[in-house]
Amino acid sequence: MKVLVVGGGGREHAVIHKLLENKTIEKIWCAPGNGGISAEAECVDIKATDVDNMVKFAKDNGADFCVVTPDDPLALGMVDQMEAVGIPCFGPHANAAIIEASKAFSKNLMKKYGIPTAAYEIFDNPEEAMAYIKEKNQFPVVLKADGLALGKGVLIAETLEDVKAAVRELMIDRMFGKAGNKIVVEEFMTGKEVSVLAFTDSKVIKPMVSSMDHKRADDYDQGLNTGGMGTIAPSPYYTPEIAERCMQEIFLPTLKAMNAEGRPFKGCLYFGLMLTKDGPKVVEYNCRFGDPETQVVLPLLKSDLFDIMRACHDETLADMDIEWSTDACACVVEASGGYPVKYQKGYEIHGLDEKGQHEGVFVYHAGTKKENGKYYTNGGRVIGITAKAPTQKEAIVRAYAAVEEIGFKDVHYRHDIGQK
């Protein structure tokens, strides 16, 4: 089998590393890939959003299967285009990827089908949004860009001045471009946040091990929102009782709602959850593997990932018995100083071997390039250092021991991953 993986971050590195366990796969391409991925797959210089050239490459090179992992190409219909030329894919069609591509769509879906989430209103006019928030006068309040914003289009406003700044950033200054044409204004929920990724073939849904992301740039959840600075799995707060409640009140109803809307979802459906005093509620949906959640979830998967992916495409997931390790994982992201705003690239990374690895952990490359056998920084989030161990505490200790030995100029990371 020859497989094309679309994307070029730590999530894709984690997916490729797991796919290599399948002995029927003889070739993996990754487009565009990165320096670390090049040690495990052939990188192809095509942007993840370049649907036409990606489809052409897959067809010309005889790809047997395609794994589309980032949100943008899914929303652009890459799966639709691949399958139109006879290449089966893991990932939803564009009409199902809208569950992430439009916050307004997903919120309205939840309201229509009684899926628990925060109270909200949708606005396409900044003055009307401001007037509504002033009238409600409840703080903090959450403002979300409707469209895709690299996982960063969520702003939490503590005061009216914060609201003015947030509305200006999203709707007037267009910090996230067209994503801010509409915004969702949401009540602020309190509780423990949990991420649950799930395999689905549109008929059945099989959740993966839960995880807990750390979104803020700095220790103790301070600083700007990021794509994710680290994760642990499983979440200590996600009990079997809560899991069953989520299955009955959120996961299955979401699958049924998408089918009822004529938008059957196949692939990885991500549930961002808040465990509130009133029970679990949906913070957001993603139409793909989370990053960096994937880097702690897939190492705990004992079953074959490629077999599961094909079952999701073939709608035979009910026949799969998916096994998980009882171990724990922790991932600490090393980012470039200044991320998520401005940062420098091109610093040499020390502490890695010729395969971009370090003994005792697995290093997932996100923003790296390789030149003359050396690895250099080439993005905001540079690497994710993941450790697996029998207990969460051991995994965290192992990950941070490696963090002390791996680094680069102006490296920035959180010191409290898993501590709360």
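At-a-glance table
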item	result
Gyration tensor (alpha-carbon) shape descriptor, the stretch 212-266, a/c threshold 1.5	oblate
The chain - mean residue ellipticity at 222 nm from DSSP helices (-39,500 (n - 2.57) per run, n ≥ 4, rounded to 500)	-7500 deg cm²/dmol
Accessible surface, per residue, of the chain when the full set of protein chains is kept, probe 1.4 Å, Å²	42 Å²
Reachable lysines from K388, criterion Cα separation under 24 angstrom, eight or more residues apart if same chain	K18, K23, K192, K206, K215, K302, K355, K420
Euclidean distance between Cα centres, the stretch 6-72 to the stretch 142-219, Å	27 Å
Net length gained if the chain between K112 and W324 were fully extended (0.36 nm per residue, minus Cα distance)	72.9 nm
Quarter of Cα convex hull surface for the stretch 91-212, i.e. mean projection, nm²	8.5 nm²
Hypothetical label at Y132: residues of the stretch 97-117 whose amide nitrogen lies under 11 Å (7 Å Cα-Cβ projection)	104
The chain, relative contact order [Cα under 8 Å, separation at least 6], %	17 percent
FRET E, pair T49, V341, Förster distance 22 Å, beta-carbon r, rounded to 0.05	0.45
For the chain, the longest site-free run once GluC sites (Glu not before Pro) in DSSP loop states with at most 10 other Cβ atoms within 10 Å are removed	27-322
Cα-based shape type of the stretch 1-131, given that a ≥ b ≥ c are square roots of the gyration tensor eigenvalues and the cut on a/c is 1.5	prolate
Prolate/oblate/rounded label for the stretch 297-341 (Cα gyration tensor, a/c 1.5)	oblate
Extended-chain gain in nm, criterion 0.36 nm per residue less alpha-carbon gap, D278 and F188	31.0 nm
The stretch 257-356: radius of gyration and largest Cα-Cα distance (Dmax), Å	18.5, 52
Gain on full stretching of the segment that runs from Y220 to M1 - 0.36 nm per residue minus C-alpha separation	74.3 nm
Accessible surface of the chain, 1.4 Å probe, proportion on carbon and sulfur as whole %	48 percent
Nitroxide proxy distance, nm - points 7 Å out along Cα→Cβ at F57 and A119	4.9 nm
Directionally averaged projected area (convex hull, Cα atoms, the stretch 67-162), nm²	7.5 nm²
Hull-based mean projected area of the stretch 161-274, where the convex hull spans the alpha carbons, in square nanometres	9.1 nm²
Förster radius 56 Å - calculated FRET efficiency between R245 and K355, Cβ distance, rounded to 0.05	0.85
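The values are calculated or read from the model by the stated rules, or taken from the named source; none is laboratory data. Keep in mind the model is a prediction, meaning the values are calculated, not measured. Cβ coordinates were reconstructed from backbone atoms using ideal geometry, including for glycine residues, and neighbour counts include every protein chain displayed. Side chains are part of the model used for accessible areas, which takes the heavy atoms of the whole protein and leaves out ligands, DNA and RNA. Shrake-Rupley method; radii C 1.70, N 1.55, O 1.52, S 1.80 Å.
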